[in-house]
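J.: One structure, as structure tokens, below. Some questions next.
The values are calculated or read from the model by the stated rules, or taken from the named source; none is laboratory data. If you're wondering where the values come from, they're calculated on a predicted model, not measured in any experiment. Cβ: placed from backbone, ideal geometry, glycine included. Neighbour counts: every protein chain shown.
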């Protein structure tokens, strides 16, 4: 039975090797806030290691549906966590951990008093927007532009990002202006861009509130460390961090 003992030893070795590591699928708009969240969590639970996989909520959900080894999903809206729960791929009901908002951003200074109508300006030739089919912030941007009767008129100017972080990249490097997640503007890297000059929040009356949802996934059903991170995300400490990155907290 030496082979059995060896097999059990190998299983134990790999179990110990990966113990304490949890994998969180995180919507791209949380890419800057997730670092301080991880650090605050680590201070409470130093034995746990959080691995983050960033992407659009739609693509992350598709990966989970096809068996990606994630323990939690932090989505940019409630649609995707609800879909996973309905398919019995999540073991907790979706809950809102933050509300996201849209912002208009340009590397050039603008007069933003006209709001979204600035997109009609003759100097605006290309507009970055997240793909409405895969990114919740893209869906919100489309809704806002439809509300002010600009979506169809400006469609030829759109440059689509597959995630909101890619949309930010396009805004900074390839277009004249972009509709991005406000939360991305609170990174130290964005400190040179000032509210009212380079960016302005889009009036929330033009789009449905972006309620960002999370779920624990089936893989983590009996994982206490994932539950610790889940509970931490709903704690006052996590909420304070999220607020400092431009999120609204209920």
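J.: Tell me, please, whether a residue that is touching a helix residue (DSSP H, G or I) at 6+ places or on another chain (Cβ under 7 Å) and modelled with pLDDT of 95 or more can be found in the stretch 1-21. Steps first, please.
T.: Here is the first cut: in the stretch 1-21, the residues touching a helix residue (DSSP H, G or I) at 6+ places or on another chain (Cβ under 7 Å) are 20.
Filter once more, so that each one left must be modelled with pLDDT of 95 or more: none.
No: zero hits.
J.: Of (1) closer than 24 Å to residue 137 by Cβ; (2) crowded, with 18+ Cβ neighbours inside 10 Å, residue 82 satisfies all except one. Which?
T.: Status for residue 82: all satisfied but (2).
J.: What tally of residues in the stretch 31-48 results from selecting those that are touching a strand residue (DSSP E or B) at 6+ places or on another chain (Cβ under 6 Å) and modelled with pLDDT under 95?
T.: Within the stretch 31-48, the first condition is being touching a strand residue (DSSP E or B) at 6+ places or on another chain (Cβ under 6 Å), and the residues that meet it are 31, 34, 38.
Among the residues that remain, those that are also modelled with pLDDT under 95 are: 31.
Adding up the residues that qualify gives 1.
J.: Now, a different point. What residue, of 134, 167, is in a loop (DSSP other than H, G, I, E, B) and closer than 27 Å to residue 74 by Cα?
T.: Details: 167 fails: in a loop (DSSP other than H, G, I, E, B).
The match here is 134.
J.: What is the residue count in the stretch 172-205 for residues that are crowded, with 18+ Cβ neighbours inside 10 Å and either more than 20 Å from the chain's Cα centre (by Cα) or in the same structural domain as residue 59 (by TED's automatic domain parsing) (or both)?
T.: The qualifying residues number 4.
J.: Please go through the stretch 93-131 and pick out each residue that is part of a loop (DSSP other than H, G, I, E, B) and under 19 Å from the mean Cα position of the chain (by Cα).
T.: Of the stretch 93-131, the ones part of a loop (DSSP other than H, G, I, E, B) are 93-94, 101, 106-111, 121-126, 131.
Passing the criteria: 93, 94, 101, 131.
J.: From 217, 169, grab the single residue that is in contact with a strand residue (DSSP E or B) (Cβ under 9 Å, 6 or more places away or on another chain), buried (at least 20 other Cβ atoms within 10 Å of the Cβ) and more than 22 Å from residue 117 (Cβ to Cβ).
T.: Numbers: 169 fails: buried (at least 20 other Cβ atoms within 10 Å of the Cβ).
After applying the criteria, what remains is 217.
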